[in-house]
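Reviewing the structure listed below.
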Amino acid sequence: MALHQDTIWEVRTGGNNENGGGFHNRVPGTSVDYTFQNAPQLDLTDIACAGAGVTTITSVVGGFTAEMVGNIIKFHAGANFLTEFFEIVTVNSANSVTLDRTPATGVGANGHGKVGGGQVNCDLLDSVVVPGNTIYIQNGIYAAHPAITFTDSFTRALPLTIEGYNTLRGTRPTGNNRPVIQMGGNTITFKGFTKTSNISFEGTGDPIITWVSSGGNVGPAYFFTNCKFTNLASVGSSSCIKLLYSPNNTDNLLLIDCEFLGTAGATSYGVQDKVAGNTLNVSVLNCYFHNLTRGINIVGVTSVLDVAFSIFAVCSYGVAGGGSIACRITNCTFDSISIDGFANGGEGTTFINNNFSNCVNAGINSQASVVMYNNFFGNGNNWTGGTLNPVDNNTFIAPQFVTPGSNYALQRTSGLIDRAFSMRLGV
């Protein structure tokens, strides 16, 4: 046997990396999740195992209960014991349990194992989680977090889910109620289908997050929602998320309700990819990119970039895309951009219902096919860079943001209200 696909893991600032940290609801109604606590439910130092290949362990002190079935026990000391995570699949008595696999390389003695209790960070879980697992991270600051490399190739049917929470799992915390993972100069590396939500990531490394293609996926292979990424590097060049691929793969990144923030002095990117010969599909919805060199920087790939209801502010470029990329930019705001709001992009790129204001060089610098129902104000050029076919219904008025620099909602007196293109009956 092996760890189950339905195993959940708990990470909390009051936890300990010697704790079991995981739970599989093996016997519903009987199994009890003991990960939702700082201390282990059971801590034994006299565990014995008859030898390699044996899955039963015993303890004279004991204390095992039927409720512990499905909980993970972790060994961190003892003669011949593997310092790994094992699931309790059967409680034979208060002094004996059967595990999912053998925990020893020979006759085991004086094993020190803990049942239950949360882990204190993710670095021991990256090589342990299997497809289908969920990692819950409780609100708190995880300072100087070690590098993390999730080694399994998670699939669409069995992704890895990482979810932050404040007091209750399954809730949607915002702002400072989300856990903060401070990576320093370290990187988190993922491969394959991963869903991450409700977490704030900070770091100075290049990048904070690396996503490595698993190859030929259909649908979003990497999904972020309600996350914040703060690039703290003050020198050099670094990215919040960097996308890496094996050759000739088609993969997808989906960002929803996320914030990307840089630090003055560095060449900083929100999302970056520069790998040629791959097809990348990026979808961005309701995200905020600010104080960055480039909010989204995708160069040299044949891809589709779809950005909607997002804000790019105080950047050198809002979006910079490769010449072959077909982009759809709708209902977005580009404001206080020191060079171009949008640069490059291939023929077939469309701009509908966007605001481009205070872009020093140009709002749009692209060979776009459709530029309709956009607003342009205070730009060096409104659109430039190639063969453009702007249509009617673009406007050229002050947008009247509630608080430029922080709140880009429109004031009630804004002339842009009710000017956007929308679905019409009979079309």
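Only the coordinates and a few stated rules stand behind these numbers; no lab work does. Keep in mind that what you see is a predicted model, and the values were worked out from it rather than measured. So basically every Cβ, Gly included, is an ideal-geometry build from the backbone, and we count neighbours across all protein chains shown.
Using only Cα atoms, figure out Rg for the chain and give it as a multiple of 2.2 N^0.38 Å.
Dividing the Cα Rg of the chain by 2.2 N^0.38 Å gives 1.16.
By counting other Cβ atoms within 10 Å of each Cβ, how are 372, 183 ranked from fewest to most?
Taking fewest neighbouring Cβ atoms as first place, the list is 372, 183.
If the elastic network links every pair of Cα atoms under 10 Å, which of 166, 344, 71 fluctuates the most in the Gaussian network model of the chain?
166
What whole-number volume per residue, in cubic angstrom, does the convex hull of the C-alpha atoms of the range 136-178 give?
Given the Cα convex hull of the range 136-178, per-residue volume reads 92 Å³.
Below 23 Å, Cα to Cα, which lysines can residue 114 reach? Residues fewer than 8 away in the same chain don't count.
74
Could you please rank 74, 228, placing first whichever residue has the fewest other Cβ atoms within 10 Å of its Cβ?
The order, fewest Cβ neighbours first, is 228, 74.
At q = 0.09, 0.20, 0.22 Å⁻¹, what is the base-10 log of I(q)/I(0) for the range 88-207 according to the Debye formula with one equal point scatterer per Cα and no solvent? Please give it to two decimals.
Each listed q corresponds, in turn, to -0.34, -1.17, -1.29.
Return the sequence-ordered ³J(HN,Hα) values of the range 82-98 in whole Hz as given by the Karplus equation 6.51 cos²θ - 1.76 cosθ + 1.60 applied to θ = phi - 60°, using x for Gly and Pro.
Along the range 82-98, the couplings run 6, 7, 9, 9, 9, 8, 7, 9, 8, 9, 7, 6, 5, 10, 8, 9, 10 Hz.
Considering amide H positions built from the backbone, and no H for Pro or chain starts, which residues 5 or more places from residue 381, or on another chain, come under 5 Å of its amide H?
362, 363
Label-point separation (nm) for residue 79 and residue 392, each offset 7 Å from Cα along Cα-to-Cβ?
Taking the simple label geometry, residue 79 and residue 392 are separated by 9.1 nm.
Under a GNM of the chain (C-alpha, springs under 10 Å), which listed residue has the highest mean-square fluctuation: 167, 102, 349?
167
Out of all DSSP beta bridges with both ends in the chain, state the antiparallel percent to the nearest 5.
20
Applying 1/(1 + (r/R0)^6) with R0 = 25 Å to the Cβ-Cβ distance of residue 38 and residue 168, what FRET efficiency is obtained, to the nearest 0.05?
The value I calculate is 0.95.
Just want to confirm a number: the relative contact order over the range 1-151, from Cα pairs under 8 angstrom separated by 6+ residues, in percent.
Answer for the range 1-151 is 35 percent.
Which of 258, 327, 49 moves most in a GNM of the chain, Cα contacts under 10 Å?
49
Could you list 178, 294, 419, 412 so that the one with the fewest beta carbons within 10 Å of its beta carbon is first and the one with the most is last?
Least to most surrounded, the residues fall as 412, 419, 178, 294.
Could you pull out every residue, at least 5 positions away or on a different chain, whose amide H is within less than 5 Å of the one on residue 232? Hs are placed 1.01 Å off N in the peptide plane, and Pro or chain starts have none.
Those lying under 5 Å, H to H, from residue 232 are 203, 204.
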